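K.L.:
Below you will find the structure I want to go over with you.
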Amino acid sequence: MDHSVHGAKSILLATYLASTSKTGELRKLFGSSAWNSAATTSQALNVLLKFVPETAEPSSYLPLVFDIAYSRLDETDDSENLADLLPDEIRLLDDDTATTVGDKLLSDGMASVDFYESDPQLTIASWVFERIYSIDSSFGLLELIDAIVSADVSEPLPGTVLQWRDGVLRPLQLFYVYYPIATDKESYRLQEYTSTNPQLIIKHFLQYTTAQTINRDVAMIVTPYLHYIDTVSADRIKPWNNFYEWLVVTAATNFQIIIELAKNWNGPDGDSSALIDYVSTIIASCYQCSEASSEYFEAMHILQKRGTYVLNLADIIPVDDDDQFIETQMASYSDADSAFKFPDCPLYQATQSNLYLLDQLITSAAMISVYVPTSLQSIAKLRFFAPHQAQLQFLLRVVRGNSKEYAYRDDSNWRTLRSGSRWLKNKGYVLSKLSDADIENAFLSALLDFGRISLVREIYIDPIHPPLEMDDIETHVLNSFREHYDGASNCNATRGSLKTASQVLHLIYPSMLKTEKLEKAELLLKATHELSKYSLILVQGVPLSPLQIRINNNPEQIMSQLLQSNEKAYLQVDEMVSITKNLVIGLDTSLDVLQGIEFRVIRMCIYAALAAEDFNVAYDYCMNKLWSHADVINAFDQDLLWQVFFAAGRYVSPNAPSLSPSPGFQAAPQTQMMVLQLNNRIKYLRLQMELLSRALDICPERHMFEILNIWQDFELQVAQFTAK
């Protein structure tokens, strides 16, 4: 059997020497005629790639890789010495078996490398990368990989390897140093850091970053990585856009990161295009921020100024555009949400006009958020997409705020808000679809509703040329009057909400304007105040309020309950009539109700007097007040008229003395007191007969017999007494 190194045995010997890290002997083998006749240069590289232990010192085998790549191995023909290196398990193999085993060893595994005779640097770089990725796949230990790219060898590694080291490996090492927690998480393989979408890698690198670490992470991790991607990318891409995308997305949830970065980082060095894109990112990040507090708006102002500064650093100044052009571009979007996508939104273009617009909108958002917290993007949508009605509704929200806030808003605050709203329309253009009248109407309505009477007078009443027409002012006065009227807890017009209602009404009535509507409001106010003097409950268990009066909307029923609840109220018949008339007019009840209202109120007072056993007042009202209405009332009231006279005429006081003695009664001598009582009784009988006579004059024929019987009974009683 031939024990020399030849053919396939030279390959097996190479794998043996490589696996035992005997690179000196391996160098001799690769330079021998036995190897050159049995194997190729590529196979030599693959033996080193596959069989040198991962833990071997790179400085022991990298020089050999260099010499193979540059074809500068010394040729040797020391067959006897090489034969001495053969281990028995190789020496004893026959040639066929050795060939089979050798072929299998070299074909095992995915890693392989080619020899580029015309490009040694490419050969070395290919071998190093295959070695790195193989180690990473087997062990994932960056220390072993770092040893390769940092090996102390006489010749430098290829530039592509060094670029990879500085742009991928070093950032990755620092990532694990800065965030040890990441070592326990699933991560990308090394090869994926160059093949995966850079946007995903950026997201991976910055997943733990904070406002305190963002500047360090960008300088030490992101910048080297993106510089490497820019260097090795075959496509004409903008690698920094991957980072900018991350910034804009992050701005929506963690704007502090953007603030800290933009305050300290001037963007990529030496890349004007990337600088311009960075300014666009700053602008977009502001619009994406959902915060609406003063500290964030102050930070946005700082970022806007930083954007202007960075834009001036760029060698290429972009073509600026005007506001009208921006308006046209924004109007091309069908809906507001799609308009603010990065990087397409016209507002994000790095132009001086866009930076100026950003400053205006930040100022607008800060101004508005004092009253209604509103994000910058919402303000931009309000300006570019909101129709007139939406802008008006938003203004009303700002002006009216919430009830707690109004409790602390003084006249100075109101003036500031009014001037600010006018600025938002005329300078900031956020409310550009509104008219001056829209703004003044909103403010007048709010000022009236919240009782700022002196300020209303100052702005809308006293000026020679007020900002609103008197018709508009009247409308607001009436609306506010109703609000305060309905909101009052009692009917006294000298305190509470009803006092405010009175003050609102008397801003213009009667000194400046007299109209039917204002007159009705005045009469309603007057009647309501008069009712406060009496005890009256319309809803069981609830004190009387103006709103109950307006909801009830039945003045006669209100008066009826008042007379029932107040024992002596019937004595104030003229006041009762006046209150009822004022309620009818003030509540805007049908004018048909007003006809005969005086008659019906007097009638109610008569019944109240009878219930109070006050016949004299009842008689007086019948004869001196009620009878005068007989010729002017309608048929329905005519039917009521005779009934009133009939009720008063047949009335008998429970305390009246009897004129007819009971059976078996023995008459006693009449005393002076008894005579006086009987005379009074006769007097009342004659008055009642007079009332019954009036009832007979106007009653329907079917009731005459009933009335006449009572009249005759009274006549008989009078006759009996007179006969005595």
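K.L.:
What does the extension gain come out to for T494 and N552, with contour length at 0.36 nm per residue minus their alpha carbon separation?
P.N.:
Extra length available between T494 and N552 comes to 18.6 nm.
K.L.:
If r is the Cβ-Cβ distance from N680 to V370 and R0 is 60 Å, what FRET efficiency results, to the nearest 0.05?
P.N.:
According to the calculation, E is roughly 0.15.
K.L.:
Label the chain by shape, choosing from rounded, prolate and oblate, from the square roots a ≥ b ≥ c of the eigenvalues of the Cα gyration tensor; if a/c is under 1.5 it is rounded, and otherwise prolate applies when a/b is larger than b/c, oblate when it is not.
P.N.:
It is prolate, given that a/c is not under 1.5 and a/b is the larger ratio.
K.L.:
Taking only protein heavy atoms into account and a 1.4 Å probe, give the accessible area per residue of the stretch 445-485 in Å².
P.N.:
Value returned for the stretch 445-485: 48 Å² of accessible area per residue.
K.L.:
Compute, for the chain, the length of the dipole vector about the Cα centre, with Cβ point charges of +1 (Lys, Arg) and -1 (Asp, Glu) only. Units Debye, rounded to 20.
P.N.:
Computed charge dipole of the chain: roughly 5160 debye.
K.L.:
Let me ask another. Mind giving me the nanometre distance, one decimal, between the label points for K341 and D184, set 7 Å out from Cα along Cα→Cβ?
P.N.:
4.0
K.L.:
Can you tell me the accessible area per residue over the stretch 224-279, all protein chains present, probe 1.4 angstrom, in square angstrom?
P.N.:
Heavy-atom accessible area per residue stands at 45 Å².
K.L.:
Also, I was wondering about something else. Relative contact order of the stretch 540-615: what whole-number percent is it, with Cα pairs under 8 angstrom and at least 6 residues apart?
P.N.:
The normalised contact order for the stretch 540-615 reaches 32 percent.
K.L.:
In straight Cα distance, which lysines are under 22 Å from K625, not counting same-chain residues fewer than 8 positions off?
P.N.:
Those lysines meeting the cut-off are K568, K581, K683.
K.L.:
Going down the table (K341/K427; K28/K104; K203/K238), which pairs top 21 Å between alpha carbons?
P.N.:
Violating the 21 Å Cα-Cα cut-off are K341/K427; K28/K104.
K.L.:
Does the stretch 546-589 come out rounded, prolate or oblate by the C-alpha gyration tensor, with a ≥ b ≥ c the root eigenvalues, rounded set by a/c under 1.5 and, if not, prolate when a/b is larger than b/c and oblate if not?
P.N.:
oblate
K.L.:
Let's test the formula: R0 of 51 Å, r as the Cβ-Cβ distance of E298 and D74. What FRET efficiency results, to the nearest 0.05?
P.N.:
That pair, E298 with D74, gives E of 0.10.
K.L.:
Work from the charge dipole of the chain (Cβ charges, +1 for Lys and Arg, -1 for Asp and Glu, about the Cα centre) and give the residue of P700, Q288, W423 farthest towards its positive end.
P.N.:
Positive-end residue among those listed: P700.
K.L.:
How large a share of the accessible area of the chain, in percent, is made up of carbon and sulfur atoms when the probe is 1.4 Å and the other protein chains stay in place?
P.N.:
After summing per-atom areas, the C and S share lands at 50 percent.
K.L.:
Using a 1.4 angstrom probe and counting only protein chains, how large is the accessible area of T528 in Å², to 10?
P.N.:
0
K.L.:
At 0.36 nm per residue, and after removing the present C-alpha to C-alpha distance, how many nm does the segment from A719 to S112 gain when stretched out fully?
P.N.:
Residue separation times 0.36 nm, minus the Cα-Cα distance, leaves 203.8 nm.
K.L.:
Right, next: Just want to confirm a number: the relative contact order over the stretch 189-312, from Cα pairs under 8 angstrom separated by 6+ residues, in percent.
P.N.:
25
K.L.:
Set Lys and Arg Cβ to +1 and Asp and Glu Cβ to -1, take the dipole of the chain about its Cα centre, and tell me which of S272, V539, N709 lies farthest positive.
P.N.:
Positive-end residue among those listed: N709.
K.L.:
Counting only heavy atoms of the protein chains, get the accessible area per residue of the stretch 544-596 (1.4 Å probe) and round it to a whole Å² value.
P.N.:
47
K.L.:
In debye, nearest 20: dipole of the stretch 364-513 around its Cα centre with unit charges on the Cβ of K, R (+) and D, E (-)?
P.N.:
So the dipole magnitude of the stretch 364-513 works out to roughly 620 debye.
K.L.:
Could you give the nm distance between label points at N254 and A611, where each point is 7 Å from its Cα heading toward the beta carbon?
P.N.:
Placing both labels 7 Å beyond Cα along the Cβ direction yields 7.8 nm.
K.L.:
Let me ask something else about it. Rounded, prolate or oblate: which fits the stretch 521-660, taking a ≥ b ≥ c as square roots of the Cα gyration tensor eigenvalues, rounded meaning a/c under 1.5, else prolate when a/b beats b/c?
P.N.:
Oblate shape, in that a/c is at least 1.5 and b/c is the bigger or equal ratio.
K.L.:
Assign unit charges at the C-beta atoms only (+1 for Lys and Arg, -1 for Asp and Glu), then state the dipole size of the stretch 429-541 relative to its Cα centre in Debye, rounded to the nearest 20.
P.N.:
That gives a dipole near 560 debye.
K.L.:
When the helix-only estimate is applied to the chain (DSSP H runs of n ≥ 4, each -39,500 (n - 2.57), divided by the residue count), what is the mean residue ellipticity at 222 nm, nearest 500 deg cm²/dmol?
P.N.:
That calculation yields -19000 deg cm²/dmol at 222 nm.
K.L.:
What are the trypsin sites (Lys or Arg not before Pro) within the stretch 182-279 that DSSP puts in a loop, where the Cβ has at most 10 other Cβ atoms within 10 Å?
P.N.:
K185, R236
K.L.:
Next question, about the same structure. Any idea which of A569, I464, P53 is furthest toward the positive side of the dipole for the chain, if Lys and Arg beta-carbons carry +1 and Asp and Glu beta-carbons -1?
P.N.:
Comparing the listed Cα positions along the dipole, A569 ranks first.
K.L.:
Take every Cα pair under 8 Å in the chain that's 6+ residues apart, average their separations, divide by the length, and report that relative contact order as a whole percent.
P.N.:
After rounding, I find 5 percent.
K.L.:
Also: For S32, what residues show an amide H to amide H distance below 5 Å, using hydrogens built from the backbone and excluding near sequence neighbours?
P.N.:
T76
The values are calculated or read from the model by the stated rules, or taken from the named source; none is laboratory data. Quick caveat: nothing in here was measured; it's all calculated off a predicted structure. Cβ sites come from the backbone with ideal geometry, for glycine too, and all protein chains shown count toward neighbours. Protein only, heavy atoms only, side chains kept; ligands, DNA and RNA dropped before computing areas. Shrake-Rupley method; radii C 1.70, N 1.55, O 1.52, S 1.80 Å.
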